[in-house]
Amino acid sequence: MDRSWLPATRSRAPLPRFALWLLPWVLLLAWGGYAAGLCLVRGLNQTNMDNRFVFGLWIFLDLAIIALGAGAFVSGVLVYLLKRDEVKDVIGTAVVVGFACYSGAIGALMVDVGQPLRAWFTFWHPNPHSMLAEITFCLTCYLAVLAIEYVPLVLRHRRARSASPLLAFQFELHHLMIVLAAVGAFLSFFHQGSLGGLFGVLRGRPFAFREGFAVWPTTFFLFVLSAVATGPAFLILITRTASALTGKRLVRQGTVDFLGRLSAWLLIAYAGVKSLDTLVWLNRTTPASGFHPYQFYSQPPFGGWILLTEIVLLALVPGLILLGKARRRSTPWLLTGAALACAGVTLNRFVLTIQTLALPTLPVDRLLLYVPSWQEVATFAAIVAYGVILYSLSYRYLPLFPHEEEAAAAPPVRVSGAGPRPPQETRHAA
Amino acid sequence: MLPELFNPLGDPVRTAFLGAFYVVVSCLAVTLAFALLRARRDLRAGRADAIRWHEEFDDLPEARRRCRHAVSGRLPGRVCPNGFACGGCETHRTLVAGLPATRAAEGSEGGDVLGFDLPRARAYHRGHTWVEVLKDGTAWVGLDDFGTRLVGAPDEVTLPAPGSVLHANGPAWRMRRGRAQVRILSPLDGKVVETGGPDRGWYLRITPPGDGWDLRHLLTDGEVRPWMLREIENLQTRLAGAATGASLADGGTPVGDFPQACPEADWEGIWRELFLDP
């Protein structure tokens with residue numbers, strides 16, 4: 001039914017099957033929309049957050065998806081500033097995923113902060129001494145960058161292309177992507193870092209507090225590094241999952257190799273720097289605050305296993321997995337490595353938000369318990385569903401993968417006398 | 001009361017912080033404005049068709065972007081980097097310079113290719129149109145035999161009005177059959193002076209632009225046969241589907257109306273691929 005809307009040279013699932021795939025996600029989105037509506041209309045009493053547990057599931061989700069969406073700025077820098085052409089295979093996916101992550105994060109923030117009609121206030125009366133002000137400005141500006149980067153992708157749709165003004169605009173905009181990539185890198189560096197720095201400066205939360213350089217605690221740099229390391233791994237995970245679902249190879253192996261190798265080295269570097277930071281924190285920062293580090297890990301379920309899991313199992317191990325060429329070429333190993341890396345950054349953000357707030361800071365305190373309400377869970381699920389729907393629609397209707405057809409093409413029929421073939425085709429000849 | 005955003009004489013931290021974001025926002029605004037201005041300039045210069053072809057060419061699968069010299073076997077595997085604009089291609093110029101004898105020998109193979117009539121007097125565009133330059137300096141543009149059978153009996157053909165200006169690789173006319181429709185690419189730059197149609201054997205008669213005809217990007221002589229064989233292969237691949245295993249060689253002559261003979265196929269998809277309309 002939607003044949004004329006589909007890219008001609010790429011096969012897509014029949015519309016009923018696609019609609020069936022979307023249905024559960026749409027239901028999830030509707031459920032989350034209802035829950036978010038309740039929170040906006042009735043207030044945050046719909047959640048299980050309170051004056052002490054002020055950051056819950058939503059902030060954890062925000063931090064996690066912003067880190068996972070870092071693939072957008074990393075691939076933008078690689079393609080437009082460093083001229084790594086092989087990364088063009090995933091640049092479309094990176095933009096869509098980045099846009100979904102950042103718009104989803106801002107959507108969750110709007111529900112969390114409440115009063116969205118007064119959102120302008122933070123821009124009109126900013127407090128530049130607060131890292132939150134920088135985060136607000138950076139997130140908004142970077143979402144604008146991602147939206148502008150998404151526009152040429154949408155305008156490349158064959159229906160939009162038939163309108164000459166739109167065609168010329170997207171063509172010229174595409175030629176200015178280097179500016180957007182540079183602006184995106186600037187913004188991403190600072191807001192990824194500030195999201196970490198936000199916790200690192202909390203002297204009243206010795207579990208999160210870190211020393212650092214000038215005004216930036218070490219968590220600022222660790223957040224940047226972990227996001228840059230995980231972004232490419234998340235792109236691998238997304239594209240390989242899409243490949244598995246569609247039965248096609250969407251990205252060339254060379255691109256996967258490059259992204260995997262990049263992610264591997266960065267993850268290993270992150271594991272090293274994080275270990276060093278942890279050692280300094282255990283031996284200097286925490287004792288100077290009057291705490292014994294053991295106290296932080298003696299509150300079940302937050303034991304020392306979390307620290308070990310975060311650094312070894314979910315940073316060093318995926319780094320080593322993705323470092324080996326043979327393992328990068330094995331789909332199970334590749335997916336395992338990429339998934340562990342993504343789980344690692346997610347756990348790190350969980351520790352910085354939920355565990356930090358749960359741990360007692362005074363002798364009279366006890367471990368705080370926080371279980372999100374169904375409204376929080378539903379809103380969380382809606383953000384995930386929104387991302388899946390946006391990516392599915394983009395994959396179906398837009399030219400996301402420039403090298404999709406070659407891998408998907410059926411073996412050509414050989415016609416007698418058709419002339420010499422290039423070597424790569426000869427392999428497939430019937 | 002002025003908002004704090006516009007009070008740069010206060011705190012220097014505030015000034016630096018807001019200044020950085022003013023720069024970022026200005027960058028984005030200037031980028032958008034610059035893109036709009038350049039787009040307007042492109043449209044005024046009549047570059048829309050060239051841009052459209054540039055974008056469409058990028059969207060074609062690699063197999064459809066093969067260099068003419070890859071198709072004829074001289075440079076196996078080469079993908080055209082120029083959007084089939086052979087006139088400005090150094091590789092093409094070098095290869096053609098050393099070819100006259102070979103081309104003459106290959107030229108004897110023209111005419112009929114597995115039942116498709118491709119007269120040697122015509123030059124062919126890879127979007128399945130042909131050009132025949134007439135003695136009066138104008139040229140006929142038509143759909144080649146393969147393209148004609150591919151479409152069969154169209155329900156509607158939308159031709160440009162006489163006086164319209166065509167650009168090479170830009171849209172020339174549109175065809176519709178049932179709900180499937182496709183645009184056919186113009187093989188040349190030129191101005192339409194007369195329109196024909198499926199019944200007249202040609203679709204358009206055009207006059208050349210000021211600097212005369214440039215046919216360098218069109219396939220002629222010995223290049224036509226290997227190209228057409230590839231096109232037949234592509235069609236058979238599309239019609240065979242993934243489920244078809246090893247098959248015996250076929251034979252016979254092609255029917256006149258492919259969609260009628262094989263109505264269950266995805267003809268819009270096939271048209272758009274073979275007529276280079278991604």
Report every pair of residues separated by at least 6 positions or lying on different chains whose Cβ atoms are under 6 Å apart, first residue within the range B:65-93 and at positive phi, second assigned to a loop (DSSP other than H, G, I, E, B). B:GLY73/A:GLY419; B:GLY73/A:PRO420; B:GLY77/A:PRO422; B:PHE84/B:HIS217
I'd like to check something: does the range A:45-52 contain any residue that is acidic (Asp, Glu) and either modelled with pLDDT of 95 or more or closer than 30 Å to A:SER263 by Cα (or both)? no
Tell me whether the range A:274-297 contains one or more residues that are in contact (Cβ under 8 Å) with a residue 40 or more places away in the chain, in a strand (DSSP E or B) and open to solvent by 30 Å² or more (accessible area, probe 1.4 Å). no
For B:THR31, which of the numbered conditions (1) touching a helix residue (DSSP H, G or I) at 6+ places or on another chain (Cβ under 6 Å); (2) at pLDDT below 90 fails to hold? (2)
Just wondering, is there one or more residues in the range A:386-398 that are open to solvent by 50 Å² or more (accessible area, probe 1.4 Å), modelled with pLDDT under 95 and among the charged types (D, E, K, R)? no
Name the residue that is surrounded by the most Cβ atoms within 10 Å (Cβ to Cβ), counting only residues in the range A:312-322 that are within 21 Å of the chain's Cα centre (by Cα) and under 21 Å from A:GLY71 (Cα atoms). A:LEU322
A:ALA35 being in contact with a helix residue (DSSP H, G or I) (Cβ under 7 Å, 6 or more places away or on another chain) and either outside any helix (DSSP H, G or I) or at pLDDT below 95 (or both): no
Could you please tell me which pairs satisfy a Cβ distance under 6 Å, a separation of 6+ or placement on different chains, a first residue in the range B:134-145 that is within 15 Å of B:LEU218 (Cβ to Cβ), and a second residue that is among the acidic types (Asp, Glu)? B:TRP140/B:GLU132
Would you be able to say whether some residue in the range B:29-38 is more than 7 Å from every other protein chain (Cβ to nearest Cβ) and either touching a Cys at 6+ places or on another chain (Cβ under 9 Å) or not aliphatic (A, V, I, L, M) (or both)? no
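Step by step: first the residues of the range B:256-267, then only those that are closer than 13 Å to B:GLY147 by Cα and assigned to a helix (DSSP H, G or I), then the one that is nearest to the other protein chains (Cβ to nearest Cβ). Which residue is that? Quick ask: steps written out before the conclusion?
Our first condition is that a residue be closer than 13 Å to B:GLY147 by Cα; within the range B:256-267, this holds for B:256-259, B:267.
If we keep only those that are assigned to a helix (DSSP H, G or I) too, we end up with B:258-259, B:267.
On the way: B:PHE258: 15, B:PRO259: 14, B:TRP267: 10 Å.
Result: B:TRP267.
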Could we say that A:ARG421 is at pLDDT 85 or above and of a type in the set (D, E, K, R) here? no
Residue list for the range B:100-127, filter: at pLDDT below 85 and surrounded by 15 or more Cβ atoms within 10 Å (Cβ to Cβ): B:GLU106, B:GLY107, B:GLU109, B:GLY110, B:VAL113, B:LEU114
Considering only the range A:44-90, state which residues are in contact (Cβ under 8 Å) with a residue 40 or more places away in the chain, out of contact with any helix residue (DSSP H, G or I) (no Cβ under 6 Å at 6 or more places or on another chain) and among the polar types (S, T, N, Q). A:ASN48
All-but-one check, A:TRP21 against (1) of a type outside the set (Lys, Arg); (2) modelled with pLDDT under 95; (3) open to solvent by 70 Å² or more (accessible area, probe 1.4 Å), failing number (2)
Being at the interface with chain B (Cβ under 10 Å from one of its Cβ atoms), open to solvent by less than 50 Å² (accessible area, probe 1.4 Å) and in contact with a Ser or Thr (Cβ under 6 Å, 6 or more places away or on another chain): is that true of A:LEU180 here? no
One residue is enough: does the range A:32-41 have a residue meeting the conditions free of Cβ contacts under 8 Å to residues at least 60 places away in the same chain, open to solvent by 40 Å² or more (accessible area, probe 1.4 Å), under 28 Å from A:HIS403 (Cβ atoms) and over 26 Å from the mean Cα position of the chain (by Cα)? no
Run down A:LEU63, A:LEU82 and say which single residue is surrounded by fewer than 21 Cβ atoms within 10 Å (Cβ to Cβ) and out of contact with any strand residue (DSSP E or B) (no Cβ under 8 Å at 6 or more places or on another chain). A:LEU82
Within the range B:70-82, restricting to residues that are farther than 13 Å from B:ARG230 by Cα and not small (Gly, Ala, Ser), the one that is nearest to the other protein chains (Cβ to nearest Cβ) is B:PRO76
For the range A:329-356, give me the residue count where each residue is buried (at least 24 other Cβ atoms within 10 Å of the Cβ) and of a type in the set (Gly, Ala, Ser). 4
Taking the range A:89-121, which residues are within 14 Å of chain B (Cβ to nearest Cβ) and crowded, with 17+ Cβ neighbours inside 10 Å? A:ASP89, A:ILE91, A:GLY92
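Determine, yes or no, whether A:ALA168 is more than 9 Å from chain B (Cβ to nearest Cβ), part of a helix (DSSP H, G or I), open to solvent by less than 30 Å² (accessible area, probe 1.4 Å) and aliphatic (A, V, I, L, M).
No.
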Over the range A:141-152, the set of residues of a type outside the set (Gly, Ala, Ser) and more than 17 Å from B:PHE57 (Cβ to Cβ) is A:CYS141, A:TYR142, A:LEU143, A:VAL145, A:LEU146, A:ILE148, A:GLU149, A:TYR150, A:VAL151
Is there a residue in the range A:229-250 that is open to solvent by 10 Å² or more (accessible area, probe 1.4 Å), within 20 Å of A:ILE91 (Cβ to Cβ) and outside any helix (DSSP H, G or I)? yes
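The values are calculated or read from the model by the stated rules, or taken from the named source; none is laboratory data. Treat the numbers as computed from the prediction; the structure is a model and nothing was measured. FYI the Cβ positions are ideal-geometry reconstructions off the backbone, even for glycines, and counts take in every protein chain you see. Just the protein is used for accessible areas: all its heavy atoms, side chains included, with ligands, DNA and RNA removed. Shrake-Rupley method; radii C 1.70, N 1.55, O 1.52, S 1.80 Å.
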